[in-house]
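Chemist: Encoded as structure tokens, here's the structure I'll be asking about.
The values are calculated or read from the model by the stated rules, or taken from the named source; none is laboratory data. The model shown is predicted, which means the values in this text are computed figures rather than measured ones. A quick note on method: Cβ atoms are made from the backbone with ideal geometry, for glycine too, and the neighbour counts reach across all protein chains shown.
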Amino acid sequence: MSDVTGAKERGVDERAGRTQLFEVSTLYGAATLAAAIDAGLFEPARRVLLVSNNATVPEAAAALEEMTGWDRVVTRFDTVVSWNDTIYPNHPSLWAPEPADVPVWDRLLRGAWGIGDGPLDLVVESVHAKPAAALAEIFADASVEVYADGLMSYGPTRERLQWPTACRIRRLLHLDLIPGLAPMLLSEYEVPARVVPDAAFRAVLDEISGAAAPEAREAAPAGGRTAVLLGQYLAALNILTAAEEESLHERMLRGAAAAGCGTVVFKPHPTAPAQYSRTLEKAAADAGVRLTVLTEPMLAETVFDRFRPDLVVGCFSTALLTASAYYGVPIARVGTELVLSRLRPFQNSNRVPVTLVDAFLPDLEEERAGRVVTADTEAGAALQPLVRVIGFTMQPRMHAALRGEAERWLSEHQGGLAARYVKRSRLTALALPGGFASGVAGQLPGRRAALRFVRKVRGTAAKARR
């Protein structure tokens, strides 16, 4: 990877010496940053794009530079470098520098990447996880900005950040996938959130789609209704078994066929096993629909532009919301209830994305499937109390101020939304309404004593049922 544009061509004052280092692991994330740059959310500076392949086996996964439209996105940056090559043979999701080696790594990387000794702005995704956490540690004097390219931005921060990192975070950039819904990510540190404009992001998506080969763009079937199925490879996340995920894809296909779609396009996850496609081929033959399995490495949004589908179906992929928000395509969900029951631990960062899709989107297997989801501010505002309660039950220590709000909401929704989205065991552990003996726990002197009592009673009851 090497220089792709010149700083002088973009009017950057090299005497200022400021550098912006952007860390990305997905084309979707790179597109988000490109849109933010185009919208003027970053001041002129030398821009370095740091690419990290975080796949379990990076050598076996498709590289970002192989994806359709990558060459269009990188024109916003002066230099593109590889994090995997820099720390080889270590894995980006596992490696962090030894504390004593941090100053050495700072000098080494500044020299290798041409950053120099000037001021540095670090722009990362998932600041609590590697490689972003390692970069924040190495560049200890850099300001930090976080960008979120999916539904996880609406959920709480996965874990408490080290204060030397938390105090440097200036803002959170995110897409407005559900207008009216405010992100919880980093809110415990009062980090201001800034929306990446819809028009700028859609323009980048169009630019990426325009890079598709003409013959590929002509592959869209003529006539009839078309559905796009989004695979996520949930078995790799240990959420579902491979057999359960195959069954999930079959349900998507049968539901799309029942909705009147004679053509089905399946976009598998890049690391999904080949048998997923073979299973769908049999299901398609049984349902009497035409199946196309995409093998080209491209964004789901490029698929939407290429096939212009009448319906997009998935489990809880962020691409469901982009299909609705940016392309106006009807969307539907399948399997969210099963996934909600399988997420472990309760703090799993996928919980809020699954909850949002379950609460916001129509079920493909119900009569209302296929309607256009209107992502207006009223819909987003209506979801805010639910998200705040889920966020509190996931991270009660970081969001202790939300306890009163959570207690009121849970009291009002017992047996309904509360039972669907918050397990009784979790309510019991936190001595919240709806949990076992929550009324008794609330009257005991001292929260910890109450929790110990409730857990003891719950354990005794479980033994009695055996």
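Chemist: Looking at region 412-421, which of the residues that are in a helix (DSSP H, G or I) and touching a helix residue (DSSP H, G or I) at 6+ places or on another chain (Cβ under 9 Å) is surrounded by the fewest Cβ atoms within 10 Å (Cβ to Cβ)?
Modeler: Applying the first criterion (in a helix (DSSP H, G or I)) to region 412-421 yields 412, 417-421.
Adding the requirement that they be touching a helix residue (DSSP H, G or I) at 6+ places or on another chain (Cβ under 9 Å) leaves 412, 417-418, 420-421.
Values: Glu412: 12, Leu417: 17, Ala418: 23, Arg420: 15, Tyr421: 21.
Out of the qualifying residues, it is Glu412.
Chemist: Would you point out the residue of region 217-247, among those that are closer than 21 Å to Phe307 by Cβ and surrounded by 19 or more Cβ atoms within 10 Å (Cβ to Cβ), that is modelled with the lowest pLDDT?
Modeler: Gln232
Chemist: Among the residues of region 58-78, write down those that are part of a helix (DSSP H, G or I) and not hydrophobic (A, V, I, L, M, F, W, C).
Modeler: If we filter region 58-78 for residues that are part of a helix (DSSP H, G or I), which is where we start, we get 58-60, 64-66, 70-76.
Listed by number, the residues that qualify are Pro58, Glu59, Glu65, Glu66, Asp71, Arg72, Thr75, Arg76.
Chemist: Could I ask something else about it? Could you please find all residues in region 27-64 being among the aromatic types (Phe, Trp, Tyr) and within 20 Å of the chain's Cα centre (by Cα)?
Modeler: Within region 27-64, the subset among the aromatic types (Phe, Trp, Tyr) is 28, 42.
Across region 27-64, the qualifying residue is only Tyr28.
Chemist: Examine region 206-213 for a residue that is among the small types (Gly, Ala, Ser) and either farther than 27 Å from Val303 by Cα or under 18 Å from the mean Cα position of the chain (by Cα) (or both), and state whether such a residue exists. Talk me through it step by step, then tell me what you get.
Modeler: Applying the first criterion (among the small types (Gly, Ala, Ser)) to region 206-213 yields 209-213.
Those left that are additionally either farther than 27 Å from Val303 by Cα or under 18 Å from the mean Cα position of the chain (by Cα) (or both): none.
No, region 206-213 has no match at all.
Chemist: Can you pull out the helices (runs of 4 or more DSSP H) entirely within region 82-194 that have at least 3 residues that are of a type in the set (A, V, I, L, M, F, W, C) and under 25 Å from Leu41 (Cβ atoms)?
Modeler: Numbers: elements: 83-87, 102-112, 132-138, 163-166.
Fully inside region 82-194 and qualifying: 132-138.
Chemist: Pairs under 9 Å by beta carbon, first residue closer than 15 Å to Leu27 by Cβ in region 263-275, partner modelled with pLDDT of 95 or more and not in a helix (DSSP H, G or I), six or more apart or different chains?
Modeler: Lys267/Val228; Lys267/Leu229; Lys267/Leu230; His269/Leu230
Chemist: Is it the case that region 283-298 has a residue that's in the same structural domain as Thr355 (by TED's automatic domain parsing), surrounded by fewer than 22 Cβ atoms within 10 Å (Cβ to Cβ) and under 20 Å from the mean Cα position of the chain (by Cα)?
Modeler: yes
Chemist: Please verify whether region 139-151 includes one or more residues that are within 17 Å of Val48 (Cβ to Cβ), among the polar types (S, T, N, Q) and in contact with an Asp or Glu (Cβ under 7 Å, 6 or more places away or on another chain).
Modeler: yes
Chemist: Would you point out the residue of region 98-129, among those that are among the charged types (D, E, K, R) and modelled with pLDDT under 95, that is surrounded by the fewest Cβ atoms within 10 Å (Cβ to Cβ)? Reasoning before the result, please.
Modeler: Going through region 98-129, the residues among the charged types (D, E, K, R) turn out to be 98, 101, 106-107, 110, 117, 121, 125.
Filter again for modelled with pLDDT under 95, leaving 117, 125.
Values: Asp117: 10, Glu125: 25.
Filtering first and then ranking leaves Asp117.
Chemist: Follow-up question, since we're still on this one. Taking into account only those residues within region 174-197 that are more than 17 Å from the chain's Cα centre (by Cα) and under 21 Å from Gly328 (Cβ atoms), which is modelled with the lowest pLDDT?
Modeler: Filtering region 174-197 for residues that are more than 17 Å from the chain's Cα centre (by Cα) and under 21 Å from Gly328 (Cβ atoms), the one modelled with the lowest pLDDT comes out as Gly180.
Chemist: Look at region 302-315 and say how many of its residues are within 18 Å of Asp363 (Cβ to Cβ) and either part of a strand (DSSP E or B) or modelled with pLDDT under 95 (or both). Before you say what the answer is, go through the steps one by one.
Modeler: Our first condition is that a residue be within 18 Å of Asp363 (Cβ to Cβ); within region 302-315, this holds for 310-315.
Of the ones still in play, those that are also either part of a strand (DSSP E or B) or modelled with pLDDT under 95 (or both) are 310-314.
So the count comes out to 5.
Chemist: Say whether the condition of being loosely packed, with under 13 Cβ neighbours inside 10 Å, modelled with pLDDT under 95 and not hydroxyl-bearing (Ser, Thr, Tyr) is met by at least one residue in region 200-210. First the steps, then the outcome.
Modeler: As a first pass, look at region 200-210 and keep what is loosely packed, with under 13 Cβ neighbours inside 10 Å: none.
Scanning region 200-210 turns up no residue that is loosely packed, with under 13 Cβ neighbours inside 10 Å, modelled with pLDDT under 95 and not hydroxyl-bearing (Ser, Thr, Tyr).
Chemist: Further, regarding this structure: Could you please find all residues in region 135-149 being surrounded by fewer than 22 Cβ atoms within 10 Å (Cβ to Cβ) and among the small types (Gly, Ala, Ser)?
Modeler: Ala140, Ala142, Ser143
This table checks each residue for (1) among the aromatic types (Phe, Trp, Tyr); (2) under 27 Å from Asp176 (Cβ atoms).
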site	(1), (2)
Arg18	no, no
Glu23	no, yes
Ala30	no, yes
Phe42	yes, yes
Met67	no, yes
Thr86	no, no
Pro99	no, no
Val104	no, no
Arg107	no, no
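Yes/no matrix, rows are residues, columns are (1) more than 19 Å from Gln347 (Cα to Cα); (2) at pLDDT 90 or above; (3) outside the structural domain of Pro385 (by TED's automatic domain parsing):
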{"site": "Ser411", "(1), (2), (3)": "yes, yes, no"}
{"site": "Gln414", "(1), (2), (3)": "yes, no, no"}
{"site": "Ala418", "(1), (2), (3)": "no, no, no"}
{"site": "Phe436", "(1), (2), (3)": "yes, no, no"}
{"site": "Gly439", "(1), (2), (3)": "yes, no, no"}
